[in-house]
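The values are calculated or read from the model by the stated rules, or taken from the named source; none is laboratory data. Note that the structure is predicted; figures quoted are calculated from it, not measured. A quick note on method: Cβ atoms are made from the backbone with ideal geometry, for glycine too, and the neighbour counts reach across all protein chains shown.
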Amino acid sequence: MKRFFALAIMLVPVVAQPKPAPAPAKTTGKASPKKAVAPSTTEIPAGAIEVSPNSYKYTDKAGKKWVYHRTPFGISKAEEGLESETNAAKQKSDAASPETQVTEQGHSLKFVRPGPFGNYTWVKKKADLDESEQAAYEAWQKKAAQAKAVTEPKKEQ
């Protein structure tokens, strides 16, 4: 058994050696020129203005505004208007979703919204709420008022 393992260990380097590449065939005709492929990576233009670390704005010759971001995976490029509209709509829909729960904590509000990896929880002062959080707070107040009206019996005069 020991001899088998010793022989196997000695044969591994021999078997693992790469095989030599076959010699290219010689042709007498002219070789066709290879097509140049443009690099797929986007580069930040020379006239771009840095607006924050790793973020640049640039207006091209056609008047289109672009935003460039330097990421660990390379440079990303997006139209300026589309990026901000998408992020604002997503943030607004996140906090104002009907699943968002609001709890008062003195001068602050605690928001809890379910997400794919658990609950997202954040606390903000009432004076510092943005539009979506304000909408969620108002919706919560309406629900609380309706629940209170249903649970309290009407007083007869």
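With respect to PRO13, determine if the residue is under 23 Å from LYS77 (Cα atoms), exposed (fewer than 10 other Cβ atoms within 10 Å of the Cβ) and modelled with pLDDT of 70 or more.
Spelling it out, it is not the case that PRO13 is under 23 Å from LYS77 (Cα atoms), exposed (fewer than 10 other Cβ atoms within 10 Å of the Cβ) and modelled with pLDDT of 70 or more.
Looking at LYS92, is it at pLDDT 90 or above, touching an Asp or Glu at 6+ places or on another chain (Cβ under 9 Å), closer than 19 Å to ALA135 by Cβ and not small (Gly, Ala, Ser)?
Judged against the criteria, LYS92 is not a match.
Does at least one position in the range 79-89 carry a residue that is at pLDDT 90 or above and part of a strand (DSSP E or B)?
Among the residues of the range 79-89, not one is at pLDDT 90 or above and part of a strand (DSSP E or B), which makes the answer no.
Confirm whether THR103 is among the polar types (S, T, N, Q) and either in a helix (DSSP H, G or I) or over 26 Å from the mean Cα position of the chain (by Cα) (or both).
Criteria met by THR103.
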